[in-house]
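Trainee: The structure under discussion is supplied below as structure tokens; questions concerning it will follow.
The values are calculated or read from the model by the stated rules, or taken from the named source; none is laboratory data. Just so it is clear, the structure is predicted and the values come from calculations on it, not from any experiment. Don't worry about glycine lacking a Cβ; one is built from the backbone with ideal geometry, like all the others, and counts go over all protein chains shown. Heavy atoms of the whole protein, side chains included, go into the accessibility calculation; ligands, DNA and RNA do not. Shrake-Rupley method; radii C 1.70, N 1.55, O 1.52, S 1.80 Å.
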Amino acid sequence: MNLQVFNRLSREKEAFQPLVEGQVKMYVCGPTVYDHAHLGHAKTYVAFDVIVRYLRYAGYQVRYVQNITDVGHLLDTGEDRILKKAGALSIEPMAVVETYTRSYFDDMDALGVVRPDISPRASGHVPEQIAMTQSLIKKKHAYVTSSGDVYFDVTSFPEYGKLSGQNLDELIGGMRVEVAKGKRHSADFALWRHAEPEHLMQWDSPWGRGFPGWHIECSAMSARYLGETFDIHGGGLENRFPHNECEIAQSEALNGKPFARYWLLTGSLTVDGVKMSKSLGNFVTIKDALKTYRPEALRLFILSSHYSSPVDYSKAALEAAQSGWERLMGAVRLTRYMLQDAPDGDAAAGFEMVLDEHKTRFMTAMDDDFNAPAALGVLYDLNREVNTLLNSGEAVGRPILDAIEQAYLELGGGILGIIPAEVNETGMDSARQDGLIQILIEMRNEARAHKDFAAADNIRTRLADLGVMLEDRPDGTVYKVQ
RNA sequence: GCAGAUGUAGCGUAACGGCUAGCGCAGCGGUCUGCAAAACUGUAUGGUCAUGGGUUCGAGUCCCAUGCAUCUGCACCA
């Protein structure tokens, strides 16, 4: 275990050394829950899922916090995303939040993403955000305008821009949105906004009725659950500026100590080279993708490029991932098939060495900034070794078969989340269905024995039409369900 | 304009400065099979690693320059 991570803050690969030995405190920017999640979200959260899984596998005790943004995230027009959706559907804003929060967790569960330990909602932490804003005002890092808005004063934090490499003077030129009234510097950002009476989500504050700005929630909630300084801050690269930059400014200006020690940001999911996003309309929801592809195949597709790189979505790429997954599962299925009738004893015990070697290579890849695509390559290498062994015709003892299955479950299952533990892959092959298929296999093999290949092929074809694929092996016929 | 990223076989992607540049998908053969499927294996002298220099015993990797293409952010987004 010699984990190196690429820290976006230092722009260098660094040895990973958590603040407290053996413990990792990690915060990842979560979704704004105003619509169903799409594959872009899947990319980010699957990537961090594997990071968390690996850290835990490596023995760290991880506290993983991922927020749910349900207030304060405004559109260019100044409208709140949640309120806009609530208006469109004519329902309570909190009903919108509830609907899409559940939808989000449903999607993540379906993708096998392990839930965060804490999923705090912004609307449930308004007092914390107000308190933080008050302290920032007291320390003269923020000011109140005549209309009841509170802005962070970016000139009071000289390091502003250090994460994204932005320069205050140059920022002004590229601005697309009109500078709000009352701001001293165009780069100042809102900690608190006053609300008009008809605004549906508003709270009392020292500055009148209003609601928190978007950036403050992450600072307030990470401080509450992880402390003022914590180990890993994750999120999508597109949030580096302004969001992540503002988080750093607020927290470090207030606490006078480092905010997050390692910044791990994910590359975007693109479609034909362009980022998948709501506004461009080029998105595919996770629910839709799961109608066509297995969750493991989606994960494999996402993990086939490094978390910090972009990955381009296409039908061909997803189908390639699904084929690759089938390839891995072929060996897993074969291992499990042979385990049903495996001899005791140490036949093929030498394979233990091959397993160890590949495990080591796998870990080396993951230690190198969570290089899942490289680790996946090792898994494919191992897969070939396993296939060669299991098809060699030589006896393979139960201990080795157990060790092989264990390796798949550990690396492919536990860490990457693409190898399911159950033999049952589809939920379709109940005992009864299995029995029915076995009867057909027996009938077909009788026909084959009588060289009645027309009848035999008829059974095989018709089963294939139903998605049941037969494979004849020297030691019998096996099937898989598509 | 400013900040940053990427460019490696048909496609998708890897490679602490060090074996013949790896893996997957797709194509075409071979072995196996009654035929398939799966698997293994071979093959396309399958790769001028964007271009041109430099450092080095050694460069896809480090440095400089160039131009092309594409992408991301610039106060909207995971």
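Trainee: Among the residues of segment A:426-463, how many are closer than 19 Å to A:Met329 by Cβ, of a type outside the set (Val, Ile, Thr) and either in contact with a Ser or Thr (Cβ under 6 Å, 6 or more places away or on another chain) or open to solvent by less than 40 Å² (accessible area, probe 1.4 Å) (or both)?
Mentor: The total comes to 1.
Trainee: Can you tell me which residues in segment A:76-107 are within 11 Å of RNA strand B (Cβ to nearest atom), under 30 Å from A:Leu298 (Cα atoms) and open to solvent by 40 Å² or more (accessible area, probe 1.4 Å)?
Mentor: Correct list: A:Arg81 only.
Trainee: Suppose we filter A:Thr364, A:Thr360, A:Thr335 for residues that are within 34 Å of the chain's Cα centre (by Cα), open to solvent by less than 20 Å² (accessible area, probe 1.4 Å), of a type in the set (Val, Ile, Thr) and closer than 29 Å to A:Gly59 by Cβ; which single one remains?
Mentor: A:Thr335
Trainee: Now a separate question. Based on this model, can you work out whether A:Pro158 counts as modelled with pLDDT of 95 or more and within 30 Å of A:Lys257 (Cβ to Cβ)?
Mentor: The answer is no for A:Pro158.
Trainee: Could you count how many residues in segment A:117-127 are touching a residue at least 12 places away in the same chain (Cβ under 8 Å) and either under 24 Å from A:Val284 (Cβ atoms) or surrounded by fewer than 17 Cβ atoms within 10 Å (Cβ to Cβ) (or both)?
Mentor: Residues flagged as touching a residue at least 12 places away in the same chain (Cβ under 8 Å) and either under 24 Å from A:Val284 (Cβ atoms) or surrounded by fewer than 17 Cβ atoms within 10 Å (Cβ to Cβ) (or both) within segment A:117-127 amount to 3.
Trainee: Are there strands (runs of 3 or more DSSP E) fully within segment A:1-53 with at least 3 residues that are more than 8 Å from RNA strand B (Cβ to nearest atom) and touching a residue at least 24 places away in the same chain (Cβ under 8 Å)? List them.
Mentor: The strands (runs of 3 or more DSSP E) meeting that bar are A:4-7, A:23-28.
Trainee: I've got another one for you. Just name the residue that is nearest to A:His306 (Cα to Cα) out of those in segment A:35-59 that are surrounded by 22 or more Cβ atoms within 10 Å (Cβ to Cβ) and of a type in the set (Ser, Thr, Tyr).
Mentor: Here the answer is A:Thr44.
Trainee: Do we find that A:Ala321 is within 20 Å of the chain's Cα centre (by Cα), within 30 Å of A:Asn7 (Cβ to Cβ) and surrounded by fewer than 17 Cβ atoms within 10 Å (Cβ to Cβ) in this structure?
Mentor: So A:Ala321 does not fit the description; no.
Trainee: A further question follows. Output yes when any residue across segment A:360-370 is touching a helix residue (DSSP H, G or I) at 6+ places or on another chain (Cβ under 6 Å), over 21 Å from A:Leu401 (Cβ atoms) and more than 11 Å from RNA strand B (Cβ to nearest atom), and no when none is.
Mentor: Within segment A:360-370 (the criterion being touching a helix residue (DSSP H, G or I) at 6+ places or on another chain (Cβ under 6 Å), over 21 Å from A:Leu401 (Cβ atoms) and more than 11 Å from RNA strand B (Cβ to nearest atom)), the answer is yes, since at least one residue qualifies.
Trainee: Residue under question is A:Ser135, and the condition is that it be more than 13 Å from RNA strand B (Cβ to nearest atom), small (Gly, Ala, Ser) and under 24 Å from the mean Cα position of the chain (by Cα); does it hold?
Mentor: no
Trainee: Could you tell me how many of the residues in segment A:183-223 are more than 22 Å from A:Thr155 (Cβ to Cβ) and among the polar types (S, T, N, Q)?
Mentor: 3
Trainee: For A:Ile418, state whether it is under 26 Å from A:Ala342 (Cα atoms), within 14 Å of RNA strand B (Cβ to nearest atom) and of a type in the set (A, V, I, L, M).
Mentor: yes
Trainee: Could you look through segment A:338-356, keep only residues that are outside any loop (DSSP other than H, G, I, E, B) and closer than 14 Å to A:Leu389 by Cβ, and pick out the one that is most open to solvent (accessible area, probe 1.4 Å)?
Mentor: Only one residue tops the list, namely A:Met353.
Trainee: Kindly indicate which of A:Ala253, A:Ala249, A:Ala260 is touching a helix residue (DSSP H, G or I) at 6+ places or on another chain (Cβ under 7 Å) and more than 13 Å from RNA strand B (Cβ to nearest atom).
Mentor: A:Ala253
Trainee: While we're here: For A:Val20, which of the numbered conditions (1) open to solvent by 20 Å² or more (accessible area, probe 1.4 Å); (2) among the aliphatic types (A, V, I, L, M); (3) closer than 20 Å to A:Met363 by Cβ fails to hold?
Mentor: (3)
Trainee: Considering only segment A:269-284, I want to know if a residue exists there that is among the charged types (D, E, K, R) and near RNA strand B (Cβ under 6 Å from one of its atoms).
Mentor: yes
Trainee: Of all residues in segment A:248-270, count the ones that are over 18 Å from the mean Cα position of the chain (by Cα), of a type in the set (Val, Ile, Thr) and surrounded by fewer than 21 Cβ atoms within 10 Å (Cβ to Cβ).
Mentor: Number of matching residues: 0.
Trainee: In segment A:303-343, which residues are modelled with pLDDT under 90 and more than 15 Å from RNA strand B (Cβ to nearest atom)?
Mentor: A:Gln340, A:Asp341, A:Ala342, A:Pro343
Trainee: Looking at A:Trp207, A:Trp214, can you tell me which residue is near RNA strand B (Cβ under 9 Å from one of its atoms), in contact with a helix residue (DSSP H, G or I) (Cβ under 9 Å, 6 or more places away or on another chain) and either modelled with pLDDT under 90 or open to solvent by 20 Å² or more (accessible area, probe 1.4 Å) (or both)?
Mentor: After applying the criteria, what remains is A:Trp214.
Trainee: Restricting attention to segment A:168-184, does a residue exist that is touching a strand residue (DSSP E or B) at 6+ places or on another chain (Cβ under 6 Å), open to solvent by 20 Å² or more (accessible area, probe 1.4 Å), within 15 Å of RNA strand B (Cβ to nearest atom) and at pLDDT below 90?
Mentor: yes
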